[in-house]
1. Among the aspartates and glutamates, select those whose C-alpha is under 14 Å from the C-alpha of residue 335, and discard any that sit fewer than 8 residues away in the same chain.
2. If amide H atoms are built 1.01 Å from N in the plane of the peptide, which residues on other chains or at least 5 residues away come under 5 Å of the amide H of residue 228?
3. Dipole size in debye (nearest 20) for segment 29-276 around its Cα centre, Lys and Arg Cβ +1, Asp and Glu Cβ -1?
4. Report, by chain and number, residues whose modeled amide H sits under 5 Å from the one on residue 136, excluding near sequence neighbours (fewer than 5 apart, same chain).
5. Give the cross-link partners of residue 219 among the aspartates and glutamates, using a straight C-alpha distance below 15 Å as the criterion and excluding same-chain residues fewer than 8 apart.
6. Using each residue's phi in segment 238-244, evaluate 6.51 cos²θ - 1.76 cosθ + 1.60 at θ = phi - 60° and report the 3J(HN,Hα) Karplus result to the nearest Hz, with x for Gly and Pro.
7. Hey, can you rank 192-198, 34-40, 243-249 by average C-beta count inside 10 Å, highest first?
8. Once label points are set 7 Å from the Cα along Cα→Cβ at both residue 48 and residue 230, what is their separation, rounded to one decimal in nm?
Amino acid sequence: MVWGRLVTNSKQINRIAGFTLVEFAIVMLMSGMILAAIIQAYKVYVADRYQRDIYASMDVLNSSISVFASVQRRYPCPSDLSLAIDDPESGVEKCAEAQALAVGACTANGGICRVDGARTTPALGLVTPDPVYIGGFPYKTIRNFVSTNLQSVRLASSKDAVDPWGFQLTYAVSASQTDAGTYNSSYGAIDVQTEGGTSLIQPVGSAHFVLISHGENHKGAFNALGRVSVACAAGTVDQENCDRTNATFISGLRAMAPGAAYYDDVLLQRSFTMSELWRFGDTTSTIYNVNPGNVGVGTASPEQKLDINGNLRTSTVNASSLCDRGMENCWGPEKLGGTGMRCSTTSTPGRTRIMQGIRQAQVDPLCAEVALPTVLANQKCANPGQYVVGFSAGGNIICQVP
């Protein structure tokens, strides 16, 4: 009896100490679910950290451009994205190469492109859209050109020009802003839109430059070796940021779900500010409007630099010509307030030419020759030095000595 009890107890101990296959499967399933949640949380943490790193780098890049512009009175041209980060020419602006490109063309390896801007401005005197250069961020040029007394500001390095995934940031800049002779904060030519196609810039298409990190999917981005490992493909919101065919870029809401709405880029832009509509001239007693377009008074669609829909009241008007609204039938204001208009003289004795009207800003074609009137005694002052000051009730003149 004793032995039987020992055997029974042994079986009970073995049954309690072990796991069945069902129990083991349940443990593995629960462990997998916990591990998946941890992995997902870690991915979110890493993505969030990368976003913060990108914003921090872009802050440095933005301030570096500001320092450069304050010294050089222009923005730098793009560098060549097709060069590896460790190449001596990487991060060096390539103005001559960008200027030599035709619109819609890129350098041999695609590292710098030139495209039509989003608008035409007076900056370059063109009738076509202002050009925009697209390439890499010229951190070396900025560091080399900024004077030593400003080195207290942290300037961009190669580390800032590459995003956390190891891909180079894209830098697009309005061409007119890269030359000190045409640099003007009113004349940017880049547009930045929402994912729905609404411009974020006012005036539309007036951004000076944009900086772009192409995000986790790296579409169209050049890696640290100067190569595009993931081609820019159509069908997603961020296509505009990597196609390098126009000067329109997207700053959309982050959407990581696969599909047409996918957007993981980070974009920084600098644009024209409405607070700069007025500037002082050579002295503080003069001020002028820097609006690059037309100004309307009483109209929302001005057709001229100053378009007034209504009456203009002024004590003095200085103008080179007076025209109708169609800018036709113009004539010089001096014909009213200067040399005036008169009929040509005639040599016919006893006759004179008188004005009968005005045609095409001239009176002479409408002048008629008439006989000189006979001056009666009561039509001129009798004494020298007197002049007519009025007429009496009887029709006679009233003379007065000065």
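1. 364
2. It is 223, by chain and number.
3. Numbers: 17 positive and 23 negative charges, 68 e Å.
That gives segment 29-276 a dipole magnitude of about 320 debye.
4. Hits under the 5 Å cutoff: 79, 80, 81, 171.
5. The qualifying aspartates and glutamates are 163, 238, 240, 243, 264, 265.
6. Once θ is set to phi - 60°, the couplings for segment 238-244 become 7, 4, 4, 7, 10, 6, 6 Hz.
7. On the way: 192-198: 14.1, 34-40: 10.0, 243-249: 20.1.
Taking the mean over residues of other Cβ atoms within 10 Å, the ranking is 243-249, 192-198, 34-40.
8. 2.2 nm
We did not get these values from a lab; they are worked out from the coordinates using the rules stated. Source: prediction; values computed, not measured. So basically every Cβ, Gly included, is an ideal-geometry build from the backbone, and we count neighbours across all protein chains shown.
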